[in-house]
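A.B. asks: Below is one structure. I have some questions about it.
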Amino acid sequence: MVESTEQGGRGILGLFQFQLLHPKTTPFASHKTLLAFLWVATLASVLLWQRTTISGFLVQGGVPVRAPPKLRPVVFCLTEFGGVGDGVTLNTEAFERGVGAISKLGDKGGGQLNVPPGRWLTAPFNLTSHMTLFLARDSVILAVQDEKYWPLMPALPSYGYGREHPGPRYSSLIHGQNLRDVVITGHNGTINGQGQTWWTKYRQKLLNHTRGPLVQILWSSNIVISNITLRDSPFWTLHPYDCKNVTVKNVTILAPVSHAPNTDGIDPDSCEDMLIEDCYISVGDDAIAIKSGWDQYGITYGRPSKNIVIRNLVVRSNVSAGISIGSEMSGGVSNVLVENILVWESRRAMRIKTAPGRGGYVRQITYKNLMFKNVRVGIVIKTDYNEHPGTGYDPRALPILRDISFINIRGQGVRVPVRIQGSEQIPVRNVTFQDMKIGITYKKKHIFQCAFVQGQAIGTIFPSPCDSFDRYNEQGQLVKHAASQNVTDIDYEI
């Protein structure tokens, strides 16, 4: 007998709640079984949560859910261009010839390049417009590890110079710029950056240029990335930069959770109209980090990240955070919805980070239906993240942080549920908490920490919010005025 969606979802959620309440009593035989269960549990919970969530693509506005990409009229196989999937032969020219053939078909609807099962070693290569790169099951695109095969590119204009070193930066493995209508998909084939060599050289300070991402697409539109695995990037994994209409769906992103520096999962950077959904991300830095440029360079470039939906994800970050905004946010970040997210075994769950000199703004941000499992700090807003591209930034360029909401937040095994660290220079305004119940591991006062924040707490909030918030009951009636918005109650010893 097949249960209804609602009955099945409640059954899985009930078992998940049992696991949260009784962490030492586990029905799971192995770590892999637990991971699979967490994924299924989250997807089941999504089916229930989405009955009451916002429909459509954008948080505000009327853009509908996008149709799937069209099938290409012409399909090629990598082996037609001399590709050899033995893990040893370098296939850069085969990829380049395949992309070149598709580039001639733009007025006919483009073409698809199939990567069959095998291990396809390659140096970086470029994509073209109206192209589908299709990775078959058991296909692996392998990045060559020797940096001499990685071309250098100019620094991104909103960063001023390479993120790690002045001057040029290494290209991504799979690169594209000024493109339209690009799809990277498949039957869960893998793109493997083989980043171990890069991480070691970075730690030993043997690199003279900023490491390259695994996949980077710049100044492009109508991009779809789905049904693939990305792993072990040398640097950031997936970096869409100044793009519009981007969809990332059913993607798994993996890197070691330690000793894999800066392996962010997805970094939307000065992007507009973007959807990230149904993904599993476990990496060595932020699972997702929304960016828009760095200090004076980002202010001058002036491209915000806006109209972004992130939903139905399971994420893990031992080093940084599940989902971050910043710290490079000088072009502004607005109109973001983050919903139906499970963050587990992580240092932080949700984080907004900025500093004097950034300028820009973070506003109209909504987090809802979040679950934290064994997280050190649940929600963080930090305004003194003082990492700058040089001495030329203006410390008087102060970011604006306001209109940020947290709705229906749950958790277990959280050390500090909330830490909002505004400052006299950068106060945090109009923050809303509604319906939050987080099980804590550290029974000490001041675990809901605040400094220079103003907002409201509505309904049941546990642990109790700091005195900077007006308190309202579930009917929206004011119960208690805030005592002070400028009290500093931040304790990093907890």
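A.B. asks: In the set Ala321, Ala260, Ala255, which member is modelled with pLDDT of 95 or more and either within 28 Å of Thr132 (Cα to Cα) or open to solvent by 10 Å² or more (accessible area, probe 1.4 Å) (or both)?
C.D. replies: Unique residue meeting the criteria: Ala255.
A.B. asks: If you check every pair at least six apart or on different chains, which have Cβ atoms under 6 Å apart with a residue in the stretch 102-117 that is over 17 Å from Leu135 (Cα atoms) and open to solvent by 10 Å² or more (accessible area, probe 1.4 Å) first and a residue that is among the hydrophobic types (A, V, I, L, M, F, W, C) and at pLDDT 95 or above second?
C.D. replies: Leu105/Val74
A.B. asks: Which residue is farthest from Gln194 (Cα to Cα), if the candidates are limited to the stretch 94-144 and must be touching a Lys or Arg at 6+ places or on another chain (Cβ under 7 Å) and in a strand (DSSP E or B)?
C.D. replies: Gly111
A.B. asks: Pull out all pairs, ordered by first then second residue, where Cβ-Cβ is under 8 Å, the residues are six or more apart or on different chains, the first lies in the stretch 154-176 and is under 16 Å from Ala143 (Cα atoms) and open to solvent by 10 Å² or more (accessible area, probe 1.4 Å), and the second is among the polar types (S, T, N, Q) and not in a loop (DSSP other than H, G, I, E, B).
C.D. replies: Tyr170/Thr210
A.B. asks: I'd like to verify a number: residues in the stretch 194-216 that are touching a strand residue (DSSP E or B) at 6+ places or on another chain (Cβ under 6 Å) and open to solvent by 10 Å² or more (accessible area, probe 1.4 Å), how many?
C.D. replies: Total satisfying the criteria: 2.
A.B. asks: Would you confirm whether any residue within the stretch 349-357 is touching a strand residue (DSSP E or B) at 6+ places or on another chain (Cβ under 8 Å), among the small types (Gly, Ala, Ser) and open to solvent by 10 Å² or more (accessible area, probe 1.4 Å)?
C.D. replies: No: the stretch 349-357 contains no residue that is touching a strand residue (DSSP E or B) at 6+ places or on another chain (Cβ under 8 Å), among the small types (Gly, Ala, Ser) and open to solvent by 10 Å² or more (accessible area, probe 1.4 Å).
A.B. asks: Closer than 23 Å to Glu339 by Cα, open to solvent by less than 20 Å² (accessible area, probe 1.4 Å) and touching a Pro at 6+ places or on another chain (Cβ under 6 Å), is that true of Phe406?
C.D. replies: Against the criterion (closer than 23 Å to Glu339 by Cα, open to solvent by less than 20 Å² (accessible area, probe 1.4 Å) and touching a Pro at 6+ places or on another chain (Cβ under 6 Å)), Phe406 does not qualify.
A.B. asks: Just to be sure I understand, how many residues within the stretch 412-447 are open to solvent by 10 Å² or more (accessible area, probe 1.4 Å), free of Cβ contacts under 8 Å to residues at least 60 places away in the same chain and in a strand (DSSP E or B)?
C.D. replies: Matching residues across the stretch 412-447 total 7.
A.B. asks: Is there any pair with a first residue in the stretch 469-492 that is closer than 12 Å to Gly455 by Cβ and assigned to a loop (DSSP other than H, G, I, E, B) and a second that is at pLDDT 85 or above and open to solvent by 80 Å² or more (accessible area, probe 1.4 Å) whose Cβ atoms are under 7 Å apart and which are 6 or more apart or on different chains, and what are they?
C.D. replies: Within 7 Å, the pairs are Ala482/Asp467.
The values are calculated or read from the model by the stated rules, or taken from the named source; none is laboratory data. These numbers were taken from a predicted model, which means no experiment stands behind them. Methodologically, a virtual Cβ is constructed for each residue, glycine included, from the backbone with ideal geometry; neighbour enumeration extends over all protein chains shown. Quick note on the areas: whole protein, heavy atoms, side chains included, nothing else; ligands and nucleic acids left out. Shrake-Rupley method; radii C 1.70, N 1.55, O 1.52, S 1.80 Å.
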